[in-house]
Amino acid sequence: MDSIVVKGGRRLSGTVATSGAKNAALPILFATLLADGEHRLDNVPELRDIDSTEQLLNALGCTTHRSGKQMTVNVSRPDEALAPYDLVRKMRASILCLGPLLSRYGEARVSLPGGCAIGSRPIDLHVDTMQRLGADISIEEGYVVARAERLQGTRILFEKLTVGGTENALMAAVLARGATQIENAAKEPEVVDLVHYLRAMGARIEGEGSSVITVEGVDRLEPARHSIVADRIEAGTLLLAGAITGGAVRVERCEPQHLVALSDKLRECGFPVESGEDWIAVAEVDAWSSTDVTTAPHPGFPTDLQAQFMALMTQAEGTSVITEGIFENRFMHVQELVRLGADISPMALVAVVRGGKGCLSGAEVMATDLRASACLILAGLVAKGTTKVNRIYHLDRGYEQLEKKLAALGADIERVRG
Ligand code: UD1
């Protein structure tokens, strides 16, 4: 299994470009199932989760072709609308094929998912949504089995804000009979990007980016072209990599308006942050202060940057209280940061970080999930000596060549094949 080896102590500097967003590309790839013919996507990141999605689409009768960042998906009716366990277990987001398969073919058998081990991550809201749209659902031998002649538009009020649930609701409602109103909808930029794609396919949707989205069902959709939005989590991680080393790093090809919660927090800590239309940058500093962070749905501070921000807070002057507001059990990186010498007390959903420059020293650590991998690499950039991050396959699920991007900014980092 591959590892990443980082030698700490170098101040990063330079310019780096963001890739397309994994979390936008995944639902959009599943949305292709809604229309036969050739779909053309651009700015698709090269990631393990995208490979897993491609395999699932292939199992569902689609032919896919990739050339660099471009991907074509040729959709035709599968023998069976089945998402099997051995493919779904690799990636929890596979549940996103439930809505499109059901609304397109009137039936779907989707294995219960696996994926990141962050909290219990149930799928009850996805299942409820399909039931509200008129589907009969049963759980049989580890599979969600859904049937409906044609889904019927309705009012869906999410009791809890859910990104994937909103996306599945949208992909089911676009071909339903009549109108659907989704209330307490997720406002994440990736949901908005999915809506842009669905609209390009001919869907009638209004209100994306707000908490109420309305969909007027249509009888048929057409394949479309689309370029995937920039990955705000990757952009934020690269910015934090610059910040933790006190370096001057400019992240290009991103959407700074998607990173306001992060840039506000960085400024609060004393980092000079500047941005333009499609770039954001931190300037050199020698010291910064701590701040408290609570993760929340967009436009709040993203849970997917919590671990990386905690790494930054280990180097701050003062104490930081970090509260995880989205997922239970998303502090698995804490024990690994502590192995590197950090002073952190985790208490259920809150972690108290007592920061201080130079407190980290290199060690062998284990990545426990995707964002924890990035957190440990960031910590390694400032730890004395060498940090070896094992189980790096989590990183490859969601970051495109992170070690190469950091090396180009001056980090002493390499992948060790194992
Ligand atoms: C998506 C992102 C993930 C990000 C998360 C929150 C993708 C592929 N992944 O995950 O990177 O961390 O949004 O921004 O886009 N919940 C339920 N029942 C459900 C569904 C969710 O209780 O049926 C709960 C979850 O356990 C969690 C909360 O709702 O506590 C939010 O989860 P959700 O927004 O659905 O996350 P994902 O879509 O899985």
Open item on the list: Roughly how far apart, in whole Å, are the Cα centres of segment 285-313 and segment 82-103?
Closed with: 32 Å
Open item on the list: Modelling each spin label as a point 7 Å along the Cα-to-Cβ direction, I'd like the Asp124/Thr15 distance in nm, to one decimal.
Closed with: 5.0 nm
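Tell me what the chain gives for mean residue ellipticity at 222 nm when only DSSP H runs of n ≥ 4 count, each as -39,500 (n - 2.57), the sum divided by the residue total, rounded to 500 deg cm²/dmol.
That comes out to -9000 deg cm²/dmol.
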Open item on the list: Taking 51 Å as R0, compute the FRET efficiency from the Cβ-Cβ separation of Thr319 and Ser67 and round it to 0.05.
Closed with: 0.55
Task: Accessible carbon and sulfur surface of segment 35-187 relative to its total accessible area, %, 1.4 Å - done: 41 percent
TODO: Check the straight Cα-Cα distances from Lys7 and name the aspartates and glutamates below 18 Å, setting aside those fewer than 8 residues away within the same chain.
DONE: Glu336, Glu364, Glu403, Asp412, Glu414
Open item on the list: Heavy atoms of the protein only, probe of 1.4 Å, neighbouring chains included. What is the accessible area of Arg11 in Å², nearest 10?
Closed with: 100 Å²
Open item on the list: What do you get for GluC sites (Glu not before Pro) in segment 138-202 restricted to DSSP loop and a cutoff of at most 15 other Cβ within 10 Å of the site's Cβ?
Closed with: Glu141, Glu149, Glu159
Open item on the list: What is the ratio of the Cα radius of gyration of segment 267-415 to 2.2 N^0.38 Å, with N the residue count, to two decimals?
Closed with: 1.00
Open item on the list: Leaving out ligands and nucleic acids, and using a 1.4 Å probe, what accessible area per residue does the chain come to in Å²?
Closed with: 38 Å²
Open item on the list: Quick check on segment 46-142: take the gyration tensor over C-alpha atoms, sort the square-rooted eigenvalues as a ≥ b ≥ c, and tell me if it's rounded (a/c under 1.5), prolate or oblate.
Closed with: oblate
TODO: Leaving ligands, DNA and RNA out of it, report the carbon-plus-sulfur percent of the accessible area of segment 268-314 at a 1.4 Å probe.
DONE: 46 percent
- [ ] Just flag the GluC sites (Glu not before Pro) in segment 318-389 sitting in loop per DSSP whose Cβ has no more than 15 other Cβ atoms within 10 Å.
- [x] Glu328
TODO: Within 10 Å, count the other beta carbons around each residue, average over each peptide in 374-383, 404-413, and list them highest first.
DONE: 374-383, 404-413
Open item on the list: Distance cut-off 31 Å, Cα to Cα: go down the list Lys69/Lys357; Lys160/Lys384; Lys160/Lys265; Lys187/Lys405; Lys90/Lys384; Lys265/Lys388 and report the pairs above it.
Closed with: Lys69/Lys357; Lys160/Lys384; Lys90/Lys384
Task: Cα point-scatterer Debye curve for the chain, base-10 log of I(q)/I(0) at q = 0.10, 0.12 Å⁻¹ - done: -0.66, -0.93
Open item on the list: Report the gain in length on full extension from Glu222 to Ala407: 0.36 nm times residue separation, minus Cα-Cα distance, nm rounded to one decimal.
Closed with: 62.4 nm
Task: Global form of segment 349-392, assessed from the alpha-carbon gyration tensor, a/c cut-off 1.5 - done: oblate
- [ ] Whole Å is fine, so just give me how far the alpha carbon centre of segment 388-414 lies from that of segment 1-60.
- [x] 15 Å
TODO: In whole Hz, with x marking every Gly and Pro, tabulate ³J(HN,Hα) for segment 88-98 from phi via Karplus 6.51 cos²θ - 1.76 cosθ + 1.60, θ = phi - 60°.
DONE: 5, 5, 6, 7, 4, 5, 4, 4, 5, 7, 4
- [ ] Please list, in chain and number order, the residues 5+ apart from Phe301 or on another chain whose amide H is under 5 Å from its amide H, with Hs placed from the backbone.
- [x] Ala296
Open item on the list: Among Val285, Val110, Val127, which one shows the highest mean-square fluctuation when the chain is modelled as a Gaussian network with alpha-carbon springs under 10 Å?
Closed with: Val285
Task: Carbon/sulfur fraction of accessible area - segment 190-258, other protein chains in place, 1.4 Å, % - done: 42 percent
Task: Nearest-ten-degree value, helix 189-200 long axis tilted from longest Cα axis of the chain - done: 30 degrees
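The values are calculated or read from the model by the stated rules, or taken from the named source; none is laboratory data. It should be emphasised that the depicted structure is a prediction, and the values quoted were computed from it without experimental measurement. Cβ sites come from the backbone with ideal geometry, for glycine too, and all protein chains shown count toward neighbours. Only protein heavy atoms, including side chains, enter the accessible area calculation; ligands, DNA and RNA are left aside. Shrake-Rupley method; radii C 1.70, N 1.55, O 1.52, S 1.80 Å.
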